Amino acid sequence: MTAFTYRGGTLCADNVALSAIAEQVGTPCYVYSAKRLRENYQNFCAPLASLSPLICYAVKACPNIAVIRTLAECGAGADVTSAGELERALAAGIKPEKIIFSGVGKTRDEIAAALKANIHQINVESISELRVISEVAHSLNITAPIALRVNPDVVANTHHKIATGEMGTKFGIDSTQLPEAMSLTRSLPALDLKGFHVHIGSHLFDYENFRDAYTKLADMVRYWREQGFDLTRLDLGGGVGITYDGQTQAPFADYASVVLGTVGNLGCAIAFEPGRFLVGDAGVLIARVVHDKQGEQKRFLIIDAGMNDLVRPAMYDARHSIMPVKENTTEAKAADVVGPVCETSDMFGEDYLLSGVGSGDLVAIMQAGAYAAAMASTYNGRALVPEVLVDGGSFRIIRRRISVKEQMEWETL
Ligand code: LLP
């Protein structure tokens, strides 16, 4: 069940009318459903329950501390990718022992921050990083719990900008370098190798891609155990896709079967790092039509949200569904939905059919919980827009509008 449905002719987030939120908060704004966040977490957990996994929410998908807190209350840990995200996860109440630190470019300061916070695990992306973690940990007199992120060299059927599991991408340790990395985990000081990590890409529909990666991972575990390594943990990353505009996704239970069938019997503690799956369909971006422009060849609905508020269409050719906030059943005339930013790529998509939508009307851009607010910018002199959390029958602002006046306070003449 989606969190966003029409009630009495108005699109609502759970029981709250999006029009009421728009009136009070202004547009554009992001609206998240706490109920849907909780449901998504439960839906992720249920078919994997036999593994008792550690589910580390990939904070990068939507780093608002109230969103992280909502998932933390469900039992989630966090997958963080910078000291900034670590700070957010801790501030939101995630326990350090449930935090995993991934990312290819961790600095010494970030590694030190993670070690001092006593987090669950640092995922190591290169031999260079392995040496630095050892040095930093040694100097702090702390033993670093690490997992090696391996690049399994598998195809991930997704947009090429978010595929990470093939040789030649910057992610993970290539299989040819794994023997050196494994031996360094023994010879360098202050390292405690717990296991392996893979993350082959984001927004994957084809669970066979995961099967390929996890099968290779299982083989690696068996091989390196034979070489005398005590491998007790596997971090299987994130990457499960969601339905956007008209796409269909195989049931999540099929992904769980792939996991159980490949790495389920190794006796390893299993962690996951879902981002989009937990927050993607729990959020929308509400915008108002500024102009209904009939050009010579095309009709454009120019809305007050732009690529700076949701960059996914411009960056990954993504197409989010768009719904009128006021329900209307009259026949719709197609329009391209575009933003106000001075770039041709500031376009949500072509030929949307939105009944009864013209100048002044509200629309909701769906599936905007993941990688929307998270990737927002102030391009073209624009504010960072509010985030709202609906919980039960009420809503609250979880990030206020950051006006241009405030942004200028960061600057000096
Ligand atoms: N773990 C690691 C190490 C990651 O790099 C990512 C995402 C995740 C977990 C979470 O992946 P998810 O479950 O959300 O697919 N901005 C792009 C997506 C970039 C994903 C980056 N890494 C988009 O809007 O599609």
Selection from the range 312-329 of residues that are open to solvent by 40 Å² or more (accessible area, probe 1.4 Å) and assigned to a loop (DSSP other than H, G, I, E, B): ASP317, ARG319, GLU327, ASN328, THR329
Filtered residue count, the range 238-264, keeping only those that are touching a Phe, Trp or Tyr at 6+ places or on another chain (Cβ under 9 Å), surrounded by 17 or more Cβ atoms within 10 Å (Cβ to Cβ) and closer than 30 Å to ALA364 by Cβ: 8
Going by the conditions given, is ALA114 part of a helix (DSSP H, G or I), farther than 30 Å from PRO340 by Cβ and modelled with pLDDT of 95 or more? yes
Can you confirm whether the range 132-139 contains a residue that is touching a Gly at 6+ places or on another chain (Cβ under 8 Å) and outside any loop (DSSP other than H, G, I, E, B)? no
Inter-residue pairs, beta-carbon under 6 Å, first under 20 Å from MET167 (Cβ atoms) and in the range 216-241, second at pLDDT below 95 and part of a strand (DSSP E or B), 6+ apart: GLY239/GLY201; GLY239/LEU204
Please specify each residue of the range 148-176 satisfying the condition of being buried (at least 21 other Cβ atoms within 10 Å of the Cβ), more than 11 Å from the ligand (Cβ to nearest atom) and outside any loop (DSSP other than H, G, I, E, B). LEU148, VAL150, ASN151, ILE173
Quick test of your reading of the structure: ASP206 fulfils all but one of (1) open to solvent by 50 Å² or more (accessible area, probe 1.4 Å); (2) of a type in the set (D, E, K, R); (3) away from the ligand (no atom under 15 Å from the Cβ). Name the failing condition by number. (3)
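Given the condition open to solvent by 10 Å² or more (accessible area, probe 1.4 Å), farther than 30 Å from MET220 by Cα and within 13 Å of the ligand (Cβ to nearest atom), answer yes or no: does some residue in the range 289-311 qualify?
Within the range 289-311 (the criterion being open to solvent by 10 Å² or more (accessible area, probe 1.4 Å), farther than 30 Å from MET220 by Cα and within 13 Å of the ligand (Cβ to nearest atom)), the answer is yes, since at least one residue qualifies.
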For the range 336-413, list the strands (runs of 3 or more DSSP E) that sit wholly inside it and hold at least 3 residues that are free of Cβ contacts under 8 Å to residues at least 60 places away in the same chain; which are they? 347-353
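This table checks each residue for (1) in contact with a strand residue (DSSP E or B) (Cβ under 6 Å, 6 or more places away or on another chain); (2) in the same structural domain as ALA376 (by TED's automatic domain parsing); (3) closer than 17 Å to LEU362 by Cβ.
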site: ASP304; (1), (2), (3): yes, yes, yes
site: ASN308; (1), (2), (3): no, yes, no
site: VAL311; (1), (2), (3): no, yes, no
site: ASN328; (1), (2), (3): no, yes, yes
site: LYS333; (1), (2), (3): no, yes, no
site: TYR352; (1), (2), (3): yes, yes, yes
Spot the failing condition for VAL104; the list is (1) touching a Ser or Thr at 6+ places or on another chain (Cβ under 8 Å); (2) within 16 Å of the ligand (Cβ to nearest atom); (3) over 27 Å from ALA137 (Cα atoms), and only one is missed. (3)
Can you pull out the residues in the range 60-95 that are within 15 Å of the ligand (Cβ to nearest atom), in contact (Cβ under 8 Å) with a residue 40 or more places away in the chain and β-branched (Val, Ile, Thr)? VAL67
So ILE162 ticks every box in (1) within 30 Å of VAL279 (Cα to Cα); (2) touching a Phe, Trp or Tyr at 6+ places or on another chain (Cβ under 7 Å); (3) modelled with pLDDT of 95 or more but one. Which box is left unticked? (3)
Expected single match for part of a strand (DSSP E or B), of a type in the set (Val, Ile, Thr), assigned by TED's automatic domain parsing to the domain that holds ASP79 and within 16 Å of the ligand (Cβ to nearest atom) among ILE242, ILE270 is ILE270
Can you tell me how many residues within the range 364-413 are under 18 Å from VAL341 (Cα atoms), touching a strand residue (DSSP E or B) at 6+ places or on another chain (Cβ under 6 Å) and open to solvent by 50 Å² or more (accessible area, probe 1.4 Å)? 0
Which one of PRO28, PRO47 is in contact with a Phe, Trp or Tyr (Cβ under 8 Å, 6 or more places away or on another chain), away from the ligand (no atom under 15 Å from the Cβ) and either more than 28 Å from GLY306 (Cβ to Cβ) or not assigned by TED's automatic domain parsing to the domain that holds LEU115 (or both)? PRO47
Which residues, counting only those in the range 177-188, are of a type outside the set (Val, Ile, Thr) and open to solvent by less than 60 Å² (accessible area, probe 1.4 Å)? LEU178, ALA181, MET182, LEU184, LEU188
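The values are calculated or read from the model by the stated rules, or taken from the named source; none is laboratory data. Everything quoted here is computed from the prediction, not taken from an experiment. Neighbour counts are summed over all protein chains in view; Cβ atoms, including those assigned to glycine, are modelled from backbone coordinates with ideal geometry. For accessibility, only protein heavy atoms count, side chains too; no ligands or nucleic acids. Shrake-Rupley method; radii C 1.70, N 1.55, O 1.52, S 1.80 Å.
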